[in-house]
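Trainee: Before I ask anything, here is the structure I am working with.
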Amino acid sequence: MLLTLIIAKRAFQWFRREPEAQRARDTDIYMSLLNSLRRKMDAGTAQPCIARYGLEKQTQFGLTDIELAYALSTPLNAGIGPVCIFFPTLLRW
């Protein structure tokens, strides 16, 4: 009975659809980039970078692949977010 209420309640939460879809897209992008770096590391062609260091120390940090992918993407998002807001504002004026 409780599970039915939880499922029904979620179906009526229309505001969750867009953020969950965005999170799924973000996760796909970040994981594809992390897997690409992992393939380059296996081939021996990966350049030294923070992401490579993170992959090498992943077990020491105790992070899953998804957690590591989000942690490595955070500096990128912090730099791009304000720029994405600034340029449309600049162009509007």
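The values are calculated or read from the model by the stated rules, or taken from the named source; none is laboratory data. Keep in mind the model is a prediction, meaning the values are calculated, not measured. Glycine gets a Cβ as well: all are built from the backbone with ideal geometry, and neighbour counts include every protein chain shown.
Trainee: Quick one: which residue in LEU5, LEU91, LEU72 is in contact with a Gly (Cβ under 8 Å, 6 or more places away or on another chain), of a type outside the set (Ser, Thr, Tyr) and modelled with pLDDT under 95? If you could, list the steps in order and put the result at the bottom.
Mentor: Numbers: LEU5 fails: in contact with a Gly (Cβ under 8 Å, 6 or more places away or on another chain); LEU91 fails: in contact with a Gly (Cβ under 8 Å, 6 or more places away or on another chain).
Among LEU5, LEU91, LEU72, only LEU72 is in contact with a Gly (Cβ under 8 Å, 6 or more places away or on another chain), of a type outside the set (Ser, Thr, Tyr) and modelled with pLDDT under 95.
Trainee: Could you list, ordered by first residue, the pairs with Cβ atoms under 8 Å in which the first is in the range 52-81 and within 16 Å of LEU37 (Cβ to Cβ) and the second is small (Gly, Ala, Ser) and at pLDDT 95 or above, at least 6 apart or interchain?
Mentor: Nothing qualifies.
Trainee: I'd like the residue in the range 9-47 that is at pLDDT 90 or above and outside any helix (DSSP H, G or I) and, out of all such residues, is surrounded by the fewest Cβ atoms within 10 Å (Cβ to Cβ).
Mentor: Selected residue: GLY44.
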